[in-house]
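Chemist: Handing you a structure now.
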Amino acid sequence: MPVSRLVPSQEAADLLDLTRQLAREELAPRVVQAEAEEAFPRDVFRTLGRAGLLGLPYGEDVGGGGQPYEVYLQVLEEIAAVWASVGVGVSVHGLSCFGLATRGTAEQQQRWLPDMLGGELLGAYCLSEPHAGSDPAAMRARAVSDGDSYVLSGDKAWTTHGGQADFYKVMARTSDDRSRGISCFLVPADAAGLSADPAERKMGLTGSTTATMRFEDVRIDADRLLGAEGEGLPIALSGLDAGRLGIAAVATGLAQGALDDAVAYARERETFGVPIIEHQGLGFLLADMAAAVETSRAMYLAAARLRDAGQPYSQQASIAKLVATDNAMKVTTDAVQVFGGYGYTRDFPVERYMREAKVMQIFEGTNQIQRLVISRALAKGGTDRTTVAGGGFALAR
Ligand SMILES: Cc1cc2nc3c(=O)[nH]c(=O)nc-3n(C[C@H](O)[C@H](O)[C@H](O)COP(=O)(O)OP(=O)(O)OC[C@H]3O[C@@H](n4cnc5c(N)ncnc54)[C@H](O)[C@@H]3O)c2cc1C
């Protein structure tokens with residue numbers, strides 16, 4: 001059953017209709033096989049880009065859709081309800097465009113952004129390193145200025161779209177200052193010295209490639225620096241505020257998909273002569289799942305509306321990410337319960353939803369780090385963007 005939504009314009013309603021149609025026709029027929037075969041659906045991103053769905057929150061002057069964030073997130077939720085790996089990919093691609101869209105010069109934006117937002121170029125986001133996930137300011141990757149170039153070296157772990165992307169938004173150290181010595185670069189995939197390790201063998205999201213990227217004396221033109229030297233960590237972390245809302249929307253979509261499947265099964269499956277949904281114990285489980293999904297949606301929409309109004313929203317983004325991903329874990333686990341023994345088999349998708357939900361509590365700042373961000377804001381008596389925006393909490397130190 002389609003989710004009932006309040007959207008701000010007829011254009012937004014049309015976008016959601018288009019998304020549902022594409023999800024039904026392009027994603028649903030492929031998701032099961034692609035996830036089983038760990039096959040990355042590169043062409044799907046081109047399809048979504050050409051339909052205008054990859055650049056929704058960016059300005060029309062650079063090829064984006066000029067839509068409020070609340071509309072973009074609901075589109076993302078609808079995609080993730082059918083295919084979580086693609087939802088995560090759309091969110092990460094949006095994150096990889098963020099630095100260019102917000103801190104790039106007009107020349108840099110005109111050069112790359114239309115193809116990035118139109119789906120011709122797929123992006124990746126390289127912040128984490130093998131020893132530095134929650135604490136990104138501990139990164140070691142370096143970029144050394146050399147005439148009209150920078151030379152990058154180091155390893156970037158866990159890169160979503162690693163080895164598949166056309167460009168990498170890379171945070172690397174240009175000085176030893178812990179948080180103010182990091183800069184942001186846009187590195188083309190074909191740069192000499194850049195390579196991808198074999199993809200990680202993951203528990204879930206197997207249709208989304210994740211790999212460590214190796215930078216061995218990768219020389220790039222100096223005009224691929226985004227913003228000024230030393231601004232890389234603030235660029236990365238403010239992008240994560242928006243990215244966390246993306247993950248909250250993806251987690252909500254995943255949970256909605258699990259709820260829909262569980263309700264459909266519970267209306268069909270009979271025990272003791274009645275559909276199992278009519279047993280109060282099971283019906284109440286479904287009611288709690290529905291309440292959790294609605295709560296998640298309300299949380300990310302509230303944070304997005306603050307963002308759309310130009311208000312600080314870091315703390316609310318962390319709350320939305322925390323609530324929506326914890327709810328997704330619970331709802332998908334309960335969906336397996338609704339299916340009984342069949343839920344534990346690969347004949348039904350609910351076990352996959354449960355595996356997919358787990359990582360949402362881990363990436364874009366673990367849920368421990370979200371609690372840290374929220375509690376630090378509380379301790380300071382409000383939201384302070386310079387101290388609470390972290391993927392970790394690097395700037396607070
Ligand atoms: C599938 C997948 C895709 C990813 N995609 C990307 C990507 O595209 N780009 C990118 O840059 N990164 C990506 N990541 C990395 C991800 O953001 C990190 O894994 C995450 O930030 C956690 O870092 P870590 O794995 O190093 O764990 P650690 O930082 O080592 O943390 C280990 C545990 O300690 C806890 N912990 C750490 N510090 C604290 C603290 N101060 N207080 C309380 N608890 C704490 C954590 O919550 C966690 O439970 C991805 C990860 C995965 C699994």
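Chemist: What residue, of Gly119, Gly162, is near the ligand (Cβ under 10 Å from one of its atoms), assigned to a loop (DSSP other than H, G, I, E, B) and not aromatic (Phe, Trp, Tyr)?
Modeler: Going through Gly119, Gly162 in turn, just one is near the ligand (Cβ under 10 Å from one of its atoms), assigned to a loop (DSSP other than H, G, I, E, B) and not aromatic (Phe, Trp, Tyr): Gly162.
Matching residues to (1) without any contact (Cβ under 8 Å) to a residue 24 or more places away in the chain; (2) more than 14 Å from the ligand (Cβ to nearest atom); (3) out of contact with any Asp or Glu (no Cβ under 9 Å at 6 or more places or on another chain); (4) open to solvent by less than 10 Å² (accessible area, probe 1.4 Å):
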{"position": "Cys184", "(1), (2), (3), (4)": "no, no, no, yes"}
{"position": "Pro188", "(1), (2), (3), (4)": "no, yes, no, no"}
{"position": "Val218", "(1), (2), (3), (4)": "no, yes, yes, yes"}
{"position": "Asp223", "(1), (2), (3), (4)": "no, yes, no, no"}
{"position": "Pro234", "(1), (2), (3), (4)": "no, yes, yes, no"}
{"position": "Ser238", "(1), (2), (3), (4)": "no, yes, yes, no"}
{"position": "Arg244", "(1), (2), (3), (4)": "no, no, no, yes"}
{"position": "Asp260", "(1), (2), (3), (4)": "no, yes, yes, no"}
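Chemist: Can you list the helices (runs of 4 or more DSSP H) lying wholly within the range 336-397 that have 3 or more residues being hydrophobic (A, V, I, L, M, F, W, C) and at pLDDT 95 or above?
Modeler: 350-360, 367-380
Chemist: Would you say Ser96 is over 23 Å from Asp260 (Cα atoms), among the polar types (S, T, N, Q) and open to solvent by less than 10 Å² (accessible area, probe 1.4 Å)?
Modeler: Yes, satisfied.
Chemist: Name every residue in the range 57-109 that is within 16 Å of the ligand (Cβ to nearest atom) and either among the aromatic types (Phe, Trp, Tyr) or in a loop (DSSP other than H, G, I, E, B) (or both), in order of residue number.
Modeler: Within the range 57-109, Trp83, Phe98 meet the criteria.
Chemist: Checking Asp176 against (1) crowded, with 21+ Cβ neighbours inside 10 Å; (2) more than 16 Å from the ligand (Cβ to nearest atom); (3) assigned to a loop (DSSP other than H, G, I, E, B), which single condition isn't satisfied?
Modeler: The number of the failed condition is (1).
Chemist: Does the range 227-257 hold any residues that are over 17 Å from Val3 (Cβ atoms) and more than 13 Å from the chain's Cα centre (by Cα), and which are they?
Modeler: Filtering the range 227-257 down to residues over 17 Å from Val3 (Cβ atoms) leaves 227-247.
Listed by number, the residues that qualify are Gly227, Ala228, Glu229, Gly230, Glu231, Gly232, Leu233, Pro234, Ile235, Ala236, Leu237, Ser238.
Chemist: I'd like to verify a number: residues in the range 122-144 that are open to solvent by 20 Å² or more (accessible area, probe 1.4 Å) and either more than 16 Å from the ligand (Cβ to nearest atom) or assigned to a loop (DSSP other than H, G, I, E, B) (or both), how many?
Modeler: Selection size over the range 122-144: 9.
Chemist: Within the range 272-323, which residues are part of a loop (DSSP other than H, G, I, E, B), among the aromatic types (Phe, Trp, Tyr) and open to solvent by 60 Å² or more (accessible area, probe 1.4 Å)?
Modeler: Phe272 - this is the single residue of the range 272-323 that is part of a loop (DSSP other than H, G, I, E, B), among the aromatic types (Phe, Trp, Tyr) and open to solvent by 60 Å² or more (accessible area, probe 1.4 Å).
Chemist: Could you list, in sequence order, all residues of the range 145-173 that are of a type in the set (Val, Ile, Thr) and surrounded by 21 or more Cβ atoms within 10 Å (Cβ to Cβ)?
Modeler: The first filter runs over the range 145-173 and keeps only residues of a type in the set (Val, Ile, Thr), leaving 151, 159-160, 170.
Passing the criteria: Thr159, Thr160, Val170.
Chemist: Can I ask one more? Given the conditions (1) modelled with pLDDT under 95; (2) crowded, with 22+ Cβ neighbours inside 10 Å, report the number of the one that Gly118 does not fulfil.
Modeler: (2)
Chemist: State all residues of the range 1-37 that are in a loop (DSSP other than H, G, I, E, B), open to solvent by less than 80 Å² (accessible area, probe 1.4 Å) and more than 22 Å from Asp261 (Cα to Cα); if no residue qualifies, say none.
Modeler: Val7, Pro8, Ser9
Chemist: Look at Arg244 and say whether it is among the basic types (Lys, Arg) and under 21 Å from Ile319 (Cβ atoms). Explain how you work it out, then say what you get.
Modeler: Details: among the basic types (Lys, Arg): yes; under 21 Å from Ile319 (Cβ atoms): yes.
Yes.
Chemist: Would you be able to say whether some residue in the range 40-56 is open to solvent by 30 Å² or more (accessible area, probe 1.4 Å), assigned to a loop (DSSP other than H, G, I, E, B) and within 16 Å of the ligand (Cβ to nearest atom)?
Modeler: yes
Chemist: Can you tell me which residue among Asp288, Asp223 is within 31 Å of the chain's Cα centre (by Cα) and farther than 30 Å from Gln370 by Cα?
Modeler: Asp223
The values are calculated or read from the model by the stated rules, or taken from the named source; none is laboratory data. Keep in mind it's a predicted model, so treat the numbers as computed, not measured. Quick reminder, even Gly has a Cβ in these numbers, built from the backbone with ideal geometry, and neighbours come from all protein chains shown. Note: areas computed on protein heavy atoms with side chains; ligands, DNA, RNA excluded. Shrake-Rupley method; radii C 1.70, N 1.55, O 1.52, S 1.80 Å.
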